Amino acid sequence: MSAPTPSHAGGPVVEGPHDPEHDPRAAYALEPEYVDSLTRRILASSGETRQVHSPINGAPLANIPQSTDRDVAEAFDRARRAQAAWARTSLDHRAALLLRLHDLVLDRQDEIIDLIVWESGKARKHAFDEPLHIALTARYYGRTAHEHLDTQRKLGVVPGLTRVEVNRVAKGVVGIISPWNYPFTMALCDGLPALLAGNAVVTKPDSQTMLSALLGAQLLEEAGFPKDLWQVVAGPGSKVGTSIISRADYICFTGSTATGKLIAKQCADRLIGCSLELGGKNPILVLRDADIEKAAEGAVRAAFSNAGQLCVSMERMFVADAIYDRFLERFAARTQAMTLGASLDWGTDMGSLISADQLDAVVHHVDEAVAKGARVRAGGRARPDLGPFMYEPTILEGVTPDMACFGDETFGPVISVYRFHDEADAVARANEGQYGLNASIYSQDGKRARELAAQIKCGTVNINEAFGATFASVDSPMGGMRESGMGRRQGSEGIHRYTESQSVATQRLIRFAPMLGMSDAAYAKVMTANLRLMKKLGRA
Ligand code: NAD
């Protein structure tokens with residue numbers, strides 16, 4: 001367990017509603033047969049298992065079979081065979097399966113959400129975001145398949161005589177390595193465009209949250225995707241992740257920046273592409289003309305959704321001097337009024353952290369900051385009375401660069417608040433550090449906010465919203481600048497990363513060499529004149 005509860009509490013946080021039928025402290029949660037039906041999907045022959053526990057009550061959830069390097073090799077063999085047939089199916093067929101998945105996920109959301117909550121301890125309303133995101137992603141790619149993947153005509157070098165087409169060819173077998181924080185959607189969402197583009201997938205979800213990922217695999221099969229097209233292996237990232245990278249045609253990784261750098265090096269050694277969705281230390285700017293009540297409401301979601309264990313959640317807040325006191329009073333009041341609980345029920349505003357390690361990291365960041373002079377404006381305590389890894393939503397003031405929580409990602413429900421005097425200064429401070437994932441700006445002047453957004457070095461910027469506006473707008477790319485990542489999920493970029501573009505040019509009548517007895521020198525003159533003419537005609 002974590003360090004003892006610190007004594008610098010900033011305010012009360014009450015327990016969520018209690019329903020005896022769903023008592024989170026009940027001895028056991030999931031039927032063993034149900035767990036078996038999921039874990040059977042893991043390709044694992046070692047005989048070893050790893051026991052996982054629920055953050056809701058600490059009770060055992062499952063024994064997860066562990067995969068060996070040979071299992072990973074077998075997973076790739078099966079996936080390659082399945083991919084060869086899959087790549088020959090029509091795009092319309094693949095798109096229709098995605099749309100079927102959309103319906104399945106919405107129909108089965110209660111089961112999905114229960115499993116996510118048992119595995120991660122998050123509040124039910126935050127678990128709902130996961131099937132929601134998969135449904136959005138499945139519908140989007142299902143409906144836009146042709147737009148992204150149809151062969152496209154391009155300008156030929158000789159108008160009318162050079163016909164050029166670009167095909168989108170599947171990479172082959174994509175390896176997906178995913179984290180625990182959004183265990184259902186992070187295991188699944190990046191794989192949907194990979195499948196649509198004609199690839200197979202071998203996935204290694206985080207060890208703590210295999211069940212949600214396995215339910216995703218089951219739903220894919222129920223939607224009609226061939227079983228072998230989606231392989232699941234389990235085990236430590238340093239072993240099983242490395243086995244995947246040594247065989248995949250492309251890697252999609254979501255996780256910490258430190259691991260992302262290791263993976264990038266391994267991919268470079270094999271000259272395979274990768275997309276890396278990594279950490280952040282995301283800033284939220286509250287400008288002097290912000291609607292204070294709306295900004296305070298948004299800030300609560302920005303900082304405390306999924307107990308802050310969200311790559312795009314806000315950990316740094318810059319508030320205009322003119323409204324600082326009024327805004328902070330409202331933000332702190334809303335934070336202190338949050339209902340906190342480890343529960344399967346709707347109605348709690350924030351759930352648990354995932355593990356003792358995660359709780360230790362949060363306790364360390366807050367206690368160290370307080371010891372060095374930071375002030376707790378709300379929260380600031382672990383709450384073992386509510387669940388083994390519960391921690392209060394916490395607002396800190398007076399955070400300085402010598403404190404870990406100033407620049408390091410906490411990945412917990414802790415936000416540091418700073419005053420700013422002019423907006424240029426706020427933008428400069430928002431741009432400090434090595435990360436560049438997500439930012440948020442609250443202002444009633446949309447034009448001004450968009451001008452500032454263009455100056456912020458983050459892959460997504462939300463105006464008058466925390467993160468949902470960009471994250472759920474799946475037609476636009478999502479990802480990080482600087483050490484927050486490489487490549488993008490969602491939109492065209494989110495699917496084209498899984499394809500090789502192949503240019504096919506058909507030449508008619510003339511050739512790219514002297515013709516009709518022309519000398520090389522004459523040919524050069526004709527081509528030079530031709531280039532000049534093309535420019536005059538305005539051709540690209
Ligand atoms: P992590 O990097 O420790 O683990 C992520 C995954 O990588 C797990 O499946 C893990 O088993 C695997 N892994 C670990 N070491 C590996 C190695 N050497 N080789 C191959 N695989 C390895 O990250 P985490 O702590 O589980 O997740 C939290 C981090 O993820 C945070 O930094 C968060 O910001 C980030 N995240 C980013 C996004 C995004 O979209 N940018 C989304 C969710 C989480």
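Shape call for the stretch 289-420 from the C-alpha gyration tensor, a ≥ b ≥ c root eigenvalues: rounded (a/c under 1.5), prolate (a/b greater than b/c) or oblate? Because a/c hits 1.5 or more and a/b fails to exceed b/c, the stretch 289-420 counts as oblate.
When both the stretch 45-59 and the stretch 482-503 are represented by their alpha-carbon centers, they are found 34 Å apart. The alpha carbon centroids of the stretch 197-251 and the stretch 116-162 are separated by 18 Å.
Overall shape: oblate for the chain, with the ratio a/c of the largest to smallest alpha carbon gyration tensor axis at 1.5 or above and b/c at least equal to a/b.
In this Cβ point-charge picture (+1 for Lys and Arg, -1 for Asp and Glu), the stretch 112-236 has a dipole of about 440 debye about its Cα centre. Amide H to amide H, with H built 1.01 Å from N, Arg377 comes under 5 Å of Ile395, Leu396, Glu397, counting only residues 5 or more places away or on other chains. The slack between Thr89 and Asp77, meaning 0.36 nm per residue of separation minus the straight C-alpha distance, is 2.4 nm. Sorted on the mean count of surrounding Cβ atoms within 10 Å across their residues, most packed first, peptides 75-88, 183-196 read 183-196, 75-88.
Here's how it looks for Leu61: its modeled amide H is under 5 Å from those of Val52, His53, Ser54, which are all 5 or more places away or on a different chain. Here the gap between Asp321 and Val164, fully extended at 0.36 nm per residue and compared with their Cα-Cα distance, gives a gain of 50.7 nm. Could you tell me which of rounded, prolate or oblate describes the stretch 248-304, using a ≥ b ≥ c as the square roots of the eigenvalues of the alpha-carbon gyration tensor, with rounded for a/c under 1.5 and, failing that, prolate when a/b is larger than b/c and oblate otherwise? Prolate shape, in that a/c is at least 1.5 and a/b is the bigger ratio. Treating r as the C-beta distance of Asp385 and Ala472 and R0 as 41 Å, the FRET efficiency rounds to 0.75. For His496, His133, the ranking by accessible surface with the largest value first comes to His496, His133, using a 1.4 Å probe.
At full extension, Glu432 and Glu500 could sit 20.9 nm farther apart than now, given 0.36 nm per residue minus the alpha carbon distance. In this calculation the C-beta distance from Tyr523 to Leu106 is compared with R0 = 56 Å, giving a FRET efficiency of 0.30. Setting aside same-chain residues fewer than 8 positions from Lys204, which lysines have a Cα under 23 Å from its Cα? Cα-Cα hits under 23 Å: Lys122, Lys171, Lys227, Lys239, Lys261, Lys265. For the chain, Cys189, Cys252, Cys311, Cys405, Cys458 stand unpaired, since no other cysteine beta carbon lies under 4.7 Å from theirs. For the peptides 517-528, 92-103, the ranking by mean Cβ contacts within 10 Å, running from highest to lowest, is 92-103, 517-528. Here the peptides 139-145, 160-166, 202-208, 534-540 are ranked by packing, the mean other Cβ count within 10 Å, and the order with the highest first is 202-208, 139-145, 160-166, 534-540. Note that the stretch 40-50 has calculated 3J(HN,Hα) couplings of 4, 6, 6, 7, 8, 10, 6, x, 7, 10, 10 Hz, one per residue in order, obtained from phi through the Karplus relation 6.51 cos²θ - 1.76 cosθ + 1.60 (θ = phi - 60°); glycine and proline are x.
Glu277 sits among other residues whose Cβ lies under 9 Å from its own Cβ, and their net charge, with Lys and Arg +1 and Asp and Glu -1, is +1. With a Förster radius of 41 Å applied to the beta-carbon distance between Asp291 and Arg511, the computed FRET efficiency rounds to 0.05.
The values are calculated or read from the model by the stated rules, or taken from the named source; none is laboratory data. Since this is a predicted model, take the numbers as computed values, not measurements. FYI the Cβ positions are ideal-geometry reconstructions off the backbone, even for glycines, and counts take in every protein chain you see. Ligands, DNA and RNA are stripped out before the accessible areas are found, and what is left, the full protein with its side chains, is counted by its heavy atoms. Shrake-Rupley method; radii C 1.70, N 1.55, O 1.52, S 1.80 Å.
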